[in-house]
Amino acid sequence: MGGADAVERYFAAMTAHDWAGLRACLAEDFSRDGPYPEHAWRGPDEYVAFVSGLLPGLRNHGVEVTRITPAGDVVHAELTETVELDGRQSTVRISNAFEVTEDGRIRHVEVFVRRPPP
């Protein structure tokens with residue numbers, strides 16, 4: 001199983017709110033950093049607990065993965081995320097760098113955000 005497959009499964013599980021499926025995508029030594037200093041997790045269970053508590057409460061939330069590019073054990077993913085904030089739709093572009101293990105699970109993800117100009 002390739003790294004791109006792992007990243008596709010990760011986003012599919014997250015979008016479907018399939019928390020067991022999301023957890024299965026993550027290595028035991030999983031970590032995530034970014035895009036903000038307070039968005040750092042060390043451990044798959046802590047991360048899944050955060051995501052499963054956050055995503056179901058977001059209004060009009062959507063993620064469109066626009067590109068997945070594998071490069072050895074690193075996979076880059078680009079996406080557009082939208083969510084309703086204060087009654088208005090907000091959109092950001094996101095770039096992720098995933099480190100994928102030999103057994104096809106995600107060991108680390110680094111998240112970068114670009115907000116469009118007002």
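Return the pair list, or none, for Cβ contacts closer than 6 Å from residues in region 55-73 that are farther than 16 Å from Asn96 by Cα and open to solvent by less than 60 Å² (accessible area, probe 1.4 Å) to residues that are assigned to a strand (DSSP E or B) and among the hydrophobic types (A, V, I, L, M, F, W, C), at least 6 apart or on different chains.
Correct list of pairs: Leu58/Val83.
Specify the residue that is nearest to Val7 (Cα to Cα); the eligible residues are those in region 86-114 that are hydroxyl-bearing (Ser, Thr, Tyr) and either open to solvent by 40 Å² or more (accessible area, probe 1.4 Å) or assigned to a strand (DSSP E or B) (or both). Walk me through how you get there before you give the answer.
From region 86-114, those hydroxyl-bearing (Ser, Thr, Tyr) are 90-91, 95, 101; that's our starting set.
After this cut, where a residue has to be either open to solvent by 40 Å² or more (accessible area, probe 1.4 Å) or assigned to a strand (DSSP E or B) (or both) as well, the list is 90-91, 95.
Values: Ser90: 24, Thr91: 21, Ser95: 13 Å.
Here the residue is Ser95.
So is Val48 touching a residue at least 40 places away in the same chain (Cβ under 8 Å) and not charged (D, E, K, R) or not? Outline the logic, then answer.
Working: touching a residue at least 40 places away in the same chain (Cβ under 8 Å): no; not charged (D, E, K, R): yes.
It is false that Val48 is touching a residue at least 40 places away in the same chain (Cβ under 8 Å) and not charged (D, E, K, R).
Tell me whether region 30-45 contains one or more residues that are open to solvent by 20 Å² or more (accessible area, probe 1.4 Å), part of a loop (DSSP other than H, G, I, E, B) and either among the aromatic types (Phe, Trp, Tyr) or touching a Pro at 6+ places or on another chain (Cβ under 9 Å) (or both).
yes
The values are calculated or read from the model by the stated rules, or taken from the named source; none is laboratory data. Every value quoted in this text rests on a predicted model; they were computed, and no experiment measured them. Every residue, glycine as well, gets a Cβ built from its backbone with ideal geometry; the counts of neighbours run over all protein chains shown. When the accessible area is computed, the model is the full protein with side chains, heavy atoms only, and any ligands, DNA or RNA have been set aside. Shrake-Rupley method; radii C 1.70, N 1.55, O 1.52, S 1.80 Å.
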